[in-house]
Amino acid sequence: MSRNKAIFILPLLISLIIGVIWTVFSVQFLNQGILWDLGIYEKAVLIFNSGSNPYEPNFYMSTISPGIGHLFIYQPLILRGMALFGQQLGIVMILLYVGSLLFFIQSLGNRRAWWFASFFAFAYCGLGTVSIGSGNVTTFLHLILISLLLRNISRDQITFTAFVVAVILFSLVKPYLIVYLMIPLALTFQTSLQKRVWQLTVAAGFIFTGTIIGSWLYFGEEFQAFITAVRTQTIDKHDLGHGIVMYFYEYYRSAGSLIYRAYLLHFLILGAVILGTLLLAKRSNLLNKSNFALLLYFLLTILNPRLKVYDLFPALLALFIYASAFDQSKMVKALFVIAYGLSLSQLAGTPLFAHTGILSDPLNVYYFTMGLVFLGALPKLLQKTNQALRI
């Protein structure tokens with residue numbers, strides 16, 4: 001065995017061992033039961049079909065663990081779509097989950113580096129176990145979008161069209177997914193496909209906006225009840241996820257009307273990071289490469305102020321697969337292993353780690369370790385390269 005090959009295998013083995021540890025350990029995070037979010041969807045449909053208001057908070061207090069009371073926070077148009085399946089909704093959703101997983105697995109093909117990267121993202125801090133196990137539909141929508149990117153979206157207009165259509169449909173379920181329309185805009189910038197794809201993307205944006213406005217006007221009070229449920233679940237219940245907005249939210253929450261500054265700082269910081277990355281990518285000739293779409297997907301995902309586990313897992317999938325596509329230096333491998341090792345600090349409170357220090361906060365762990373992985377991938381943005389995704 002050559003020395004260079006041994007250097008590559010050692011961090012890989014260490015990362016795999018850490019991943020196995022986390023996968024086994026993370027099973028305990030399913031203490032609310034398997035597919036608990038699916039139970040919320042089913043209950044909302046049952047309430048709606050019985051003629052009651054599915055956005056009423058009291059209906060959900062006994063759905064899962066007492067005191068949590070997750071609400072149904074999907075707009076009326078999606079509620080009616082789910083209601084069409086009635087008592088068969090659970091089966092339909094499970095088929096969607098399985099289908100999206102199989103579609104993603106098929107998209108990995110025989111690319112060994114992608115398989116390893118996907119396992120690392122799944123095992124990282126138990127995110128994959130919780131995301132898949134919760135049954136939240138968002139994870140599976142992300143998987144479909146990432147699968148389309150893995151199928152090399154930059155080759156022709158057909159794949160771009162499929163991606164744009166998927167984004168529009170999925171944004172009706174989760175409106176923040178609309179930001180992924182920036183991906184085809186970025187990938188086709190100053191290419192022969194720019195005019196057609198940009199026209200398609202802009203038209204899709206107008207269709208989405210018109211649909212949301214139409215839903216708001218047509219459903220009236222029901223749409224307002226949906227907005228109230230969203231505000232109750234996010235602000236009143238302090239269910240804002242793991243976005244960096246949380247760093248500022250805790251400070252400004254006591255300031256009443258100034259709380260908007262937390263969101264403003266969140267978007268300013270991440271907006272600057274995304275803009276800087278786009279400029280570097282253009283300079284290094286990576287902007288029009290299919291692999292850049294994965295890095296942009298990661299950045300656009302963490303732009304979401306209500307960043308949940310089921311968003312972080314797909315974001316890491318995109319970031320880890322992007323990072324695996326290049327020949328990595330010793331420093332990059334070291335950064336990855338250090339980041340992955342630090343993810344174990346979320347075992348705080350167990351016999352392995354003490355519940356003290358900055359790394360005892362999961363939010364700090366997520367961003368510190370993702371920052372290390374992103375830092376390892378950054379050099380490729382600083383040099384000219386024509387390297388495509390490695391097969």
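Quick one: check the C-alpha center-to-center distance for the range 231-260 versus the range 261-285, whole angstrom.
Each part's Cα centre sits 22 Å from the other's.
Using a simple charge model, +1 on the beta-carbon of Lys and Arg, -1 on the beta-carbon of Asp and Glu, nothing else, what dipole does the range 34-382 show about its Cα centre, in debye to the nearest 20? Show your work: numbers first, answer last.
Values: 21 positive and 12 negative charges, 237 e Å.
My answer is approximately 1140 debye.
Going by the alpha-carbon gyration tensor, a ≥ b ≥ c the square roots of its eigenvalues, is the range 27-183 rounded (a/c under 1.5) or, if a/c is not under 1.5, prolate (a/b greater than b/c) versus oblate?
Values: a/c = 2.37, a/b = 1.46, b/c = 1.62.
The shape class here is oblate.
For Asp311, what is the net charge nearby, where nearby means another residue's Cβ is under 14 Å from its Cβ and Lys, Arg count +1, Asp, Glu -1?
Numbers: positive: Lys174, Arg306, Lys308; negative: Asp37, Asp239.
Around Asp311, the charge tally is +1.
Which Cα, out of Gln106, Thr209, Ala281, lies furthest along the positive dipole direction of the range 34-382 (beta carbon charges, K/R +1, D/E -1)?
Ala281
Mind ordering 75-81, 234-240 by average Cβ neighbours within 10 Å, highest first? Each step should come with its number before you reach the end.
On the way: 75-81: 18.1, 234-240: 14.0.
Order by mean packing, descending: 75-81, 234-240.
Any read-out appearing in this document is the output of simple, stated calculations on the displayed coordinates, not a laboratory observation. Computed from a predicted structure; not experimentally measured. Note: ideal-geometry Cβ built from the backbone for every residue, glycine included; neighbour counts use all protein chains shown.
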